[in-house]
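K.L.:
Mind looking over this structure? Questions follow.
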Amino acid sequence: MPASLKKRDENIIEITDISFAYPGGHQALDHVSLSVAAGERVAIMGPNGAGKSTLFQMLNGLLQPNTGQVVVDGLPVVREHLRTVRRKVGMVFQDSDDQLFNTTVYREVAYGLANLKVPEDELDATVRWALDVVDMRDSIDKTPFNLSGGEKKRIALASVLSMKPQILVLDEPTSALDPKTSSNLVGLLTKLNQDLGITMVFATHDADLVPLLADRVVLMEYGSIQFNGTPTEAFREKDLLARLNLRLPLIAQLAEGLMQDGLLPAGDLPLSIAQARALFKQVLTASCDA
């Protein structure tokens, strides 16, 4: 498992007043400050061009801010710390084909460890551990390019996990996955968070994913943070969500319609099927008792 994990609730990411403009002059980030606690799961939402991808690239030093500072696990993300920071921060791309390039699953997952000259016995044990975590050990000798989209996502995740990161940064983790595969991936990510204590920061446009996978939601627009709070609080911001071309979870839209029709009491909208089931049960029980 990841070494030297911070205690939950201690900040593992500290972003302080960072700004960044690309060479052409586009202001991608504008005075962004954000803290993420160890073990927390943070969803970053916003329209294309809001600055999400640029922010992610700041977390492992692929880009450096023009002003401000990024600190990961107590280390400023600057040149002299990049090797250490990049072991702490694992990046999982939106398109797994952009991340996979080796001829076998084994070599794919072993690639980063081999570059670090990890001893062969430790490398082999770690590769098999990572594949067990994502339930892909049976594919160890297969070529990753012939796997399904969901399987490729798991192999990409295993290649990151083999480096024993403390933080996972995921760009649209369920993009292009069918509902069953998406549900399985959510279950896997939840298990990684609960069992290994891995902190997760992920970008998504999928409102239905957020209640299942996020403790906190950050809404971005034009390179700045417009909102930072719980999923329940975020989905109360209907005017802001509309401006950002984001929607409520589908179950919340159903409940909102039922509230407008007087069939459910006014209040916070359920964001998941489990929350809706509890609310419907409460209303039906009260109706039967009346």
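The values are calculated or read from the model by the stated rules, or taken from the named source; none is laboratory data. As the structure is a prediction and not an experimental result, all values here were calculated from the model. No Cβ is skipped: glycine too gets one built from the backbone with ideal geometry, and neighbour counts run over all protein chains shown.
K.L.:
If a residue must be under 22 Å from ASN102 (Cα atoms) and not in a loop (DSSP other than H, G, I, E, B), how many such residues does segment 158-168 contain?
P.N.:
Matching residues across segment 158-168 total 5.
Here's the yes/no breakdown for (1) at pLDDT below 95; (2) in the same structural domain as VAL32 (by TED's automatic domain parsing); (3) in a strand (DSSP E or B):
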| residue | (1), (2), (3) |
| --- | --- |
| MET220 | no, yes, yes |
| ASP239 | no, yes, no |
| PRO265 | yes, no, no |
| LEU284 | yes, no, no |
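K.L.:
Working only within segment 82-107, note down all residues that are within 23 Å of ARG137 (Cβ to Cβ), outside any loop (DSSP other than H, G, I, E, B) and not β-branched (Val, Ile, Thr).
P.N.:
GLY90, SER96, ASP97, TYR106, ARG107
K.L.:
Which residue pairs have Cβ atoms closer than 6 Å, lie 6 or more positions apart in sequence or on different chains, and pair a first residue in segment 13-24 that is on the phi > 0 side of the Ramachandran plot and part of a strand (DSSP E or B) with a second residue that is buried (at least 16 other Cβ atoms within 10 Å of the Cβ) and not polar (S, T, N, Q)?
P.N.:
Between residues of segment 13-24 that are on the phi > 0 side of the Ramachandran plot and part of a strand (DSSP E or B) and residues that are buried (at least 16 other Cβ atoms within 10 Å of the Cβ) and not polar (S, T, N, Q), the close pairs are ASP17/GLY68.
So that you can scan it fast, the table gives a plain yes or no per residue for (1) in the same structural domain as GLY90 (by TED's automatic domain parsing); (2) over 15 Å from ALA50 (Cβ atoms); (3) part of a loop (DSSP other than H, G, I, E, B):
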| residue | (1), (2), (3) |
| --- | --- |
| ASN184 | yes, yes, no |
| LEU189 | yes, yes, no |
| HIS205 | yes, no, yes |
| GLU233 | yes, yes, no |
| ALA252 | no, yes, no |
| GLY257 | no, yes, no |
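K.L.:
Hey, among the residues in segment 158-180 that are among the charged types (D, E, K, R) and at pLDDT below 90, which one's surrounded by the fewest Cβ atoms within 10 Å (Cβ to Cβ)?
P.N.:
It comes out as LYS180.
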